[in-house]
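Before any comments, here is the structure.
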Ligand code: JFZ
């Protein structure tokens, strides 16, 4: 009986290949929680991250062949952008998806506009996911969108240009240690590599794949498009020497290019947290990436959308801990961002239109946990500004702050002309606020205070 229970308990975890048996998510990065150890000074990194740290909010886009039929293949549910591996689809069959990939509705300007209207300041597109298919012009490798599809267009180029036009930064995601199209890309015990086409795991040589595919493609990405970020994923078996070499290659071509921690071996400019927000922030610059529903790539039966409420709360929570929020959309095989995603993002954008000041260019909260919401901060010449994003509106018309602050001026971001009454009391300050919450999602009280 006990064993049956144990098997039942772990069965769902085993089903989801991304989850380890102990319940943690398998990141392919054994150093995911280690402190980053760059050989550059924090000042040099902070300089490179300057625009990024102000930006706070970006759009992640997972788009690739798996989107063609919404993560289904021959009527079978491939469950996610990992469809090729989940269904053990042979390369020769998977390549056939490319033969039909023709996203006739793709419009780079529209995608960028969706991001811009959501209040996002940057965009990161999957230039190559684990399936190994390049969504850009890759002269070094034929398995790419220009050579292998009837569409023959370059979304990385088109999005780069659209972002430039509309004033967003553009970055690329690159799956580093997982490539199911390359015969030499191996993984620990073959757990994460293509062993259905290439079963002889012990004969694989990561360095060959690294030389043949990774280095040329990263060089192409930088020289052709000058991405502002290279967002590596799943470092897996990459050695410290290789991670270091890759970083030098990038910085020789473009010293301003930001690289995330998944370049591997504790290197990179900032830490990445996936699907969750760390309770107390991170010692290094960091970013949480998150899906809008349950999958990164477009999944046609997944309707488990997060609410605008929860998205705004996540964004503000992250900002209050000094991090960035990279929120994902998964466009369809036709090249359309699902309407529900667009609607949700629009709601977030409307909130930011009024309250963006509480997010962009702010730094983390000087206070611990706050029962009613979150706080962000800006430091001025001779004063400081606190933005109190109130998620749970008090019913008595008073917002009680249990910390001592000397308030110069208090108002709502939605009504900056009207000053709010404040009153110092024993435990801190009480601010008189409207009885009704002006905004259901979150209302921001702005406090200009004497330096804390
Ligand atoms: C990876 C990919 O496998 C996935 O398809 C997606 O691209 C995502 C952004 O990254 O999956 C991961 C990577 C890291 C974690 C979890 C899933 N993590 O750090 O928890």
How many of the residues making up segment 81-101 are out of contact with any helix residue (DSSP H, G or I) (no Cβ under 7 Å at 6 or more places or on another chain) and closer than 29 Å to residue 169 by Cβ?
1
Answer residue from segment 33-62, given it is buried (at least 18 other Cβ atoms within 10 Å of the Cβ), in a loop (DSSP other than H, G, I, E, B) and within 16 Å of the ligand (Cβ to nearest atom) and is modelled with the highest pLDDT among those
62
Filter segment 238-249 down to the residues that are surrounded by fewer than 21 Cβ atoms within 10 Å (Cβ to Cβ) and over 15 Å from residue 36 (Cβ atoms) and list them by number.
239, 241, 245, 248, 249
I'd like the full set of residues that are modelled with pLDDT under 95 and surrounded by fewer than 11 Cβ atoms within 10 Å (Cβ to Cβ), limited to segment 405-423.
none
In segment 192-211, the residues that are within 23 Å of residue 87 (Cβ to Cβ) and exposed (fewer than 14 other Cβ atoms within 10 Å of the Cβ):
199, 200
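Condition check ((1) touching a strand residue (DSSP E or B) at 6+ places or on another chain (Cβ under 9 Å); (2) farther than 29 Å from residue 326 by Cβ; (3) not assigned by TED's automatic domain parsing to the domain that holds residue 180) across all residues:
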| position | (1), (2), (3) |
| --- | --- |
| 202 | no, yes, no |
| 207 | no, yes, no |
| 210 | no, no, no |
| 215 | no, no, no |
| 225 | yes, no, no |
| 228 | yes, no, no |
| 232 | yes, no, no |
| 236 | no, no, no |
| 242 | no, no, no |
Odd one out for residue 426 among (1) at pLDDT 95 or above; (2) over 17 Å from residue 320 (Cα atoms)
(1)
Suppose we filter 423, 384, 350 for residues that are free of Cβ contacts under 8 Å to residues at least 12 places away in the same chain and not assigned by TED's automatic domain parsing to the domain that holds residue 316; which single one remains?
423
Could you say whether any residue in segment 304-320 is under 20 Å from residue 36 (Cβ atoms), assigned by TED's automatic domain parsing to the domain that holds residue 178, in contact (Cβ under 8 Å) with a residue 60 or more places away in the chain and crowded, with 21+ Cβ neighbours inside 10 Å?
yes
Subset of segment 278-291 that is in contact with a strand residue (DSSP E or B) (Cβ under 6 Å, 6 or more places away or on another chain) and away from the ligand (no atom under 12 Å from the Cβ) - its residue that is modelled with the highest pLDDT:
285
What about residue 287, is it in a strand (DSSP E or B) and farther than 26 Å from residue 440 by Cβ?
yes
If I filter segment 259-276 for residues that are surrounded by fewer than 18 Cβ atoms within 10 Å (Cβ to Cβ), within 16 Å of the chain's Cα centre (by Cα) and either without any contact (Cβ under 8 Å) to a residue 60 or more places away in the chain or away from the ligand (no atom under 16 Å from the Cβ) (or both), do I get at least one hit?
yes
Right, residue 360: in contact with a strand residue (DSSP E or B) (Cβ under 9 Å, 6 or more places away or on another chain), surrounded by 13 or more Cβ atoms within 10 Å (Cβ to Cβ) and assigned to a loop (DSSP other than H, G, I, E, B) or not?
yes
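Yes or no, residue by residue, for (1) part of a loop (DSSP other than H, G, I, E, B); (2) within 30 Å of residue 377 (Cα to Cα):
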{"position": "236", "(1), (2)": "yes, no"}
{"position": "267", "(1), (2)": "yes, yes"}
{"position": "271", "(1), (2)": "no, yes"}
{"position": "278", "(1), (2)": "yes, yes"}
{"position": "281", "(1), (2)": "yes, yes"}
{"position": "292", "(1), (2)": "yes, yes"}
{"position": "298", "(1), (2)": "yes, no"}
{"position": "303", "(1), (2)": "yes, no"}
{"position": "336", "(1), (2)": "yes, no"}
List, please: which pairs have Cβ atoms under 6 Å, are six or more places apart or on different chains, and start with a residue in segment 331-347 that is under 13 Å from residue 67 (Cβ atoms) and end with one that is loosely packed, with under 15 Cβ neighbours inside 10 Å?
334/105; 335/105; 336/105
Test residue 346 against the criterion of being farther than 17 Å from residue 276 by Cβ and crowded, with 19+ Cβ neighbours inside 10 Å, and give yes or no.
no
So which of 168, 159, 176 ends up being within 16 Å of the ligand (Cβ to nearest atom) and modelled with pLDDT of 95 or more?
176
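The values are calculated or read from the model by the stated rules, or taken from the named source; none is laboratory data. Everything numeric here is computed off the predicted structure, so don't read it as measured data. FYI the Cβ positions are ideal-geometry reconstructions off the backbone, even for glycines, and counts take in every protein chain you see.
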